[in-house]
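Taking it in order: structure first as structure tokens, then the write-up.
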Amino acid sequence: MERMPMGVRRLAVQLRSSIAEEVFWDVLTDYEKLSSFIPNLSSSELVQRVDNTVQLRQVGSQQLLGLRFSAQVLLELTECRTEGELRFHMLKGDFRRFEGTWSITPLPEGCSLVYELTVQGCIGMPIALIEERLRDDLTSNLRSVEQEAIRRCQASKAS
């Protein structure tokens, strides 16, 4: 985690996996089902698609210091399939800044999956209190994507 001025935090996490990059791509772009396997993501709704640009409305919810915290964002995602990148930024929502990239890089046996996020809380949101939560969520989201990819690989082998 990198602490930047004005409460901005930049985080990144990487995973190496034996799963093929196509499977990860299919999982990450299955927008309507993301909330079924990503923890703390209450809903994920595909609003619009024009070519490789997608608008997605998401609501996240979690317990923080005994209180239920909820945040909504309208994201614009750009699918750069040939580069293995899914770039996103917030069009509107409960943050001042929310943007990042999912990157999939092929390796000799599988691929590398990197999730980068830059976030700035809204005024009154104590960023210091949610730093650890952001770090944990980033790792948890990455692992959840991997678990869903594993589940899909096993399901395709079984059929």
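Things worth noting here:
- Residue check, SER42 under 21 Å from ALA149 (Cα atoms), modelled with pLDDT under 95 and surrounded by fewer than 18 Cβ atoms within 10 Å (Cβ to Cβ): yes
- For GLY121, the requirement of being at pLDDT below 90, buried (at least 16 other Cβ atoms within 10 Å of the Cβ) and within 21 Å of MET4 (Cα to Cα) is met.
- ALA12 vs. criteria small (Gly, Ala, Ser) and within 13 Å of the chain's Cα centre (by Cα): yes
- Failed item in (1) in contact with a Pro (Cβ under 9 Å, 6 or more places away or on another chain); (2) at pLDDT below 95, with GLY84 passing the rest: (2)
- Looking at the stretch 1-120, the strands (runs of 3 or more DSSP E) lying wholly inside it that each contain 3 or more residues that are over 16 Å from LEU142 (Cβ atoms) sit at 2-4, 41-50, 53-64, 67-80, 85-93, 95-107.
- Residue tally, condition in contact with a strand residue (DSSP E or B) (Cβ under 9 Å, 6 or more places away or on another chain), buried (at least 17 other Cβ atoms within 10 Å of the Cβ) and of a type outside the set (Ser, Thr, Tyr), over the stretch 24-39: 5
- Top-ranked residue in the stretch 144-159 [being surrounded by fewer than 14 Cβ atoms within 10 Å (Cβ to Cβ) and modelled with pLDDT of 75 or more; ranked as nearest to the chain's Cα centre (by Cα)]: GLN147
- Qualifying residue in the stretch 51-67 (condition: surrounded by 15 or more Cβ atoms within 10 Å (Cβ to Cβ), in contact (Cβ under 8 Å) with a residue 60 or more places away in the chain, under 21 Å from LEU134 (Cα atoms) and not basic (Lys, Arg)): yes
- The sole residue among LEU113, LEU77, LEU134 that is closer than 20 Å to MET1 by Cα, within 12 Å of the chain's Cα centre (by Cα) and either exposed (fewer than 13 other Cβ atoms within 10 Å of the Cβ) or at pLDDT 95 or above (or both) is LEU113.
- SER17 meets all of the listed conditions (1) surrounded by fewer than 18 Cβ atoms within 10 Å (Cβ to Cβ); (2) at pLDDT 90 or above but one, namely (1).
The values are calculated or read from the model by the stated rules, or taken from the named source; none is laboratory data. Given the structure is predicted, the values throughout are model-derived calculations rather than measurements. Note that each Cβ is placed from the backbone with ideal geometry, even for glycine, and that neighbours are counted across all protein chains shown.
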